[in-house]
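Heads up: the structure comes next, in structure tokens.
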Amino acid sequence: MDEPKEKLQEIAESMGVGHFHRHVFLCLGPDCCDAAAGQQAWDVLKRELKDRGLSLGRGPTACYRTKASCLRICTGGPILVVYPEGTWYHGMTAERIPVFVEQHLVQGKPIEEWIFARNPLPQAGKTDCDGT
């Protein structure tokens, strides 16, 4: 059943859609990581974002989160990717998540030793992902 557009807009506004500065995807796929370890990492990510006020959809560090069943890496997980900067992290266990939230999301300092790839989204008015 299709929801009326107004209802969808109301839900989106209540969630802060349109006000987030980052979107974090955490892969919990069975080929990526142990199911229990992945779920623990997800639970810690949710708690950390909430406790730090990052999941409210307002402000310069507002962050949306999505649990993914596959990011197609399928090893070294849990895998986490942050957009718009497109920073890909490996081994994002429950123990690493609080450090990631503080350093990357709050302080804006990616954790180089945990990063294995980068693929930023294009900036407005640019055609390539490298900003040109």
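Nothing in this text is a laboratory measurement; each read-out follows from the coordinates by a stated rule. Note that this is a predicted model, so its numbers are computed, not measured. So basically every Cβ, Gly included, is an ideal-geometry build from the backbone, and we count neighbours across all protein chains shown.
What the phi angles of the stretch 20-31 give under the Karplus curve with 6.51, -1.76 and 1.60, with θ = phi - 60°, is a coupling list of 7, 9, 9, 10, 9, 10, 10, 7, 10, x, x, 7 Hz, glycine and proline written as x. Straight-line cross-link partners of Lys67 among the lysines, defined as a Cα under 16 Å from its Cα and at least 8 positions apart when in the same chain: Lys46, Lys50. For the chain, adding -39500 (n - 2.57) for each run of n ≥ 4 DSSP H residues and dividing by the number of residues yields -7500 deg cm²/dmol at 222 nm. The stretch 1-62 and the stretch 77-120 have Cα centres lying 15 Å from one another.
Of all the options Gly18, Gly76, Gly53, the one that moves most in a Gaussian network model of the chain with Cα springs shorter than 10 angstrom is Gly18. When only the Cβ of Lys, Arg, Asp and Glu is charged (+1, +1, -1, -1), the dipole of the stretch 1-92 relative to its Cα centre reaches about 220 debye. How about the stretch 37-116: which GluC sites (Glu not before Pro) there lie in a loop by DSSP and see at most 15 other Cβ atoms within 10 Å? Filter output for the stretch 37-116: Glu85, Glu95. Each of Leu80, Gln103, Tyr64 was scored by the projection of its Cα onto the charge dipole of the stretch 19-118, and the greatest displacement toward the positive side belongs to Tyr64; charges sit on the C-beta of Lys, Arg, Asp and Glu.
For the stretch 19-118, the relative contact order is 34 percent, taking Cα pairs closer than 8 Å that sit 6 or more residues apart in sequence and dividing their mean separation by the residue count. Residues whose amide H lies under 5 Å from that of Arg65, counting only those 5 or more places away or on a different chain, are Val24; hydrogens are built 1.01 Å from N in the peptide plane.
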